[in-house]
Amino acid sequence: QINVKEVNGKVFLQCAGSAGEVAWQKGGQSIGNASLLELGAIYDDPRGTYACEAGGKSYALYVHYRMCQNCIEVDAPTISGIVVADVVATIFLAVAVYCITGQDKGRMSRASDRQNLIANEQLYQPLGERDEGQYSRLAPAKARK
């Protein structure tokens, strides 16, 4: 029997019941003779078919580790750093928008800004005259067949 152990981020295989000499193989090639075989770090994705021979018995095990290579460790300082950076960026953006939109005081007025749109200080502009256009009358309904 082969036991798998993880110690300090490393993977080890142990051929159980082996008091004497052990022969380890991976893919038919001899890779070691100790009872405990180190496969390396779990982040190196150790994989393959490993076999051990001890005491006239042979055991095989397929190992397949799949660890995230491009991951970051998300702990409390990382999360608080992301939150603080987000708040600072939001405040910076709000101040920038306020400063840009608050610059209307020095703007030159255009001629259309000074022109009265309603003449003679009237409160309301008179309505336009009625237009009896071609679409202002309803046509008689056509009979359906």
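The values are calculated or read from the model by the stated rules, or taken from the named source; none is laboratory data. In this text, all values refer to a predicted model and were calculated from it rather than measured experimentally. Positions of Cβ are generated from backbone atoms using ideal geometry, with glycine treated the same way; all protein chains shown enter the neighbour counts.
Things worth noting here:
- Qualifying residue in region 29-45 (condition: in contact (Cβ under 8 Å) with a residue 40 or more places away in the chain, of a type in the set (A, V, I, L, M, F, W, C) and assigned to a strand (DSSP E or B)): no
- Residue in region 61-101 that is farthest from N3 (Cα to Cα), counting only those that are surrounded by 10 or more Cβ atoms within 10 Å (Cβ to Cβ) and touching a residue at least 12 places away in the same chain (Cβ under 8 Å): M67
- Residue ID - nearest to the chain's Cα centre (by Cα), chosen from residues in region 50-94 that are closer than 30 Å to W24 by Cα and hydroxyl-bearing (S, T, Y): Y65
- Among the residues of region 29-49, none qualifies, meaning not one is of a type in the set (D, E, K, R) and loosely packed, with under 11 Cβ neighbours inside 10 Å.
- Exactly one residue out of V74, V83 is farther than 30 Å from Q14 by Cβ, at pLDDT 80 or above and not in a helix (DSSP H, G or I): that is V74.
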